[in-house]
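> Below you will find the structure I want to go over with you.
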Amino acid sequence: MKHFVNLKDIPTSDLRKIISDAKKRKKKRKNLNALDLDKNSPLKGKLLIQMFEKSSLRTRLSFYLAIKQLGGGALTLRPNELHLKEGGESLADTAKILSTFGNAFMLRTDDDAKLEEFKKHLNIPIINGLSPSSHPTQVLSDIFTIEEIKKKPISKLKICWIGDGNNNVVNSLIAASVKFSFILNIGCPKKYEPNKTILNWVKTNNGNIKVFNDTKNAAKNADVIFTDKVISMNDKVNKVKKLKEFKNFNVNSKIMNYAKRDSIFLHCLPRGSEVSNEIFLSKQSKVWQQALNRIHVQKSILLYCLEKLR
Ligand code: CP
Ligand code: NVA
């Protein structure tokens, strides 16, 4: 069994295997319905238990369909329906029960330490479905989407992130840039640059990341422009103030024009006011394809975790 908690802890060769399996599986699903099964139902009889401590639309739907298409089933738990917090049942006992009843556990949490605690006590794989510090399933799927659209390995592309340089999605993108050796430019206000620990990790691992406090230099000649909400779910900040601090970092046609003519726009969703409607709804925007690909990549992540990757 294998856990899927942080991209930086997973060998690149395994991440590559996941992407290539997803590519093959997606190809074979042309003309199939959402609940049609993949050939041979490789996860027949398996139960994915998923729990959300924070809101979710895409991650919830895509994991549900992922396990179903592989022949298994999913059960979604709400944390307030368990005995775990107020009810006084320990995390260790909860983990024991999850491991006895289910085959994999997907957790979206408001506390990174909880992922580690569950990992310690579970006998089944745990998948990080977003935490305050990372969003690895999203970013691996985004690598898949970029290579699918650009028809090139991501190492040959220039990726640009405009927005909060210190949130879960960009943290995973930074980890991915080291794992997959691509150039990553981050354009963000000075106060919101990636934290020192992450930048030191990048340095130690020979990453190629540049941080700019303006959008022009960050977006120049980029193949992909990414952004995300300025206010993340775990952000306990003065929202009005933070939104003001990002007013020059909203993705609009001016920023897209700094990038290559055939550049694409990506956003993990949900969106706020960090991207203009014009760009969000333009041909350059691939956000719907990006969202749908979550299903394909997460199927291969589930197979990886359950040691069934071909
Ligand atoms: N992108 C993403 O994780 O979406 P949800 O929060 O809707 O799951
Ligand atoms: N950074 C965002 C991502 C949502 C999918 C958040 O954590 O709210």
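> Do the alpha carbons of any pairs in K44/K96; K54/K244; K27/K203; K68/K286; K156/K203 sit beyond 30 Å of each other, and which pairs?
K27/K203
> What FRET efficiency do you get for N31 and N200 if R0 is 45 Å and r is their Cβ-Cβ distance, rounded to the nearest 0.05?
The value I calculate is 0.40.
> With no solvent and one point per C-alpha, what does the Debye sum give as log10 I(q)/I(0) for the chain at q = 0.12, 0.13, 0.16 Å⁻¹?
With one equal scatterer per Cα and no solvent, log10 I(q)/I(0) is -0.79, -0.93, -1.35.
> Moving to a separate point now. Where in segment 266-280 is the amide nitrogen less than 11 Å from a point lying 7 Å along the Cα-to-Cβ axis of N221?
none
> Of S133, N221, S181, whose Cα points farthest to the positive end of the dipole of segment 115-268 (charges on the beta-carbon: +1 Lys, Arg; -1 Asp, Glu; origin at the Cα centre)?
Positive-end residue among those listed: N221.
> Of Q50, Y258, V297, which is farthest on the positive side of the dipole of the chain, counting Cα position, with +1 on Lys and Arg Cβ, -1 on Asp and Glu Cβ, and the Cα centre as origin?
The residue sitting farthest along the positive end of the dipole is Y258.
> Would you kindly derive the ³J(HN,Hα) couplings of segment 158-171 from the backbone phi angles with the Karplus curve 6.51 cos²θ - 1.76 cosθ + 1.60 (θ = phi - 60°), listing them in order in whole Hz, with x for Gly and Pro?
Taking θ as phi minus 60°, the curve returns 10, 10, 10, 10, 10, x, 4, x, 9, 10, 4, 5, 5, 4 Hz for segment 158-171.
> Setting aside same-chain residues fewer than 8 positions from K28, which aspartates and glutamates have a Cα under 19 Å from its Cα?
Leaving aside aspartates and glutamates fewer than 8 places away in the same chain, those within reach of K28 are D36, D38, E147, E148.
> To the nearest 20 debye, what is the magnitude of the charge dipole of segment 188-307 about its Cα centre, counting +1 on the Cβ of each Lys and Arg and -1 on the Cβ of each Asp and Glu?
Roughly 400 debye for segment 188-307.
> For segment 245-310, run through the GluC sites (Glu not before Pro) and keep only the ones in DSSP coil with at most 12 other Cβ atoms within 10 Å of their Cβ.
Filter output for segment 245-310: E307.
> Given R₀ = 30 Å, what would the calculated FRET efficiency be for K244 paired with D9, taking r from the Cβ atoms and rounding to 0.05?
It comes out at approximately 0.25.
> Same structure again: Once you place label points 7 Å from the Cα toward the Cβ at K96 and M1, how far apart are they in nm?
1.5 nm
> Using Cα springs under 10 Å in a Gaussian network model of the chain, which residue among P125, P153, P270 shows the largest mean-square fluctuation?
P270
Only the coordinates and a few stated rules stand behind these numbers; no lab work does. As the structure is a prediction and not an experimental result, all values here were calculated from the model. Glycine also receives a Cβ, built like all others from the backbone with ideal geometry; neighbour counts cover every protein chain displayed.
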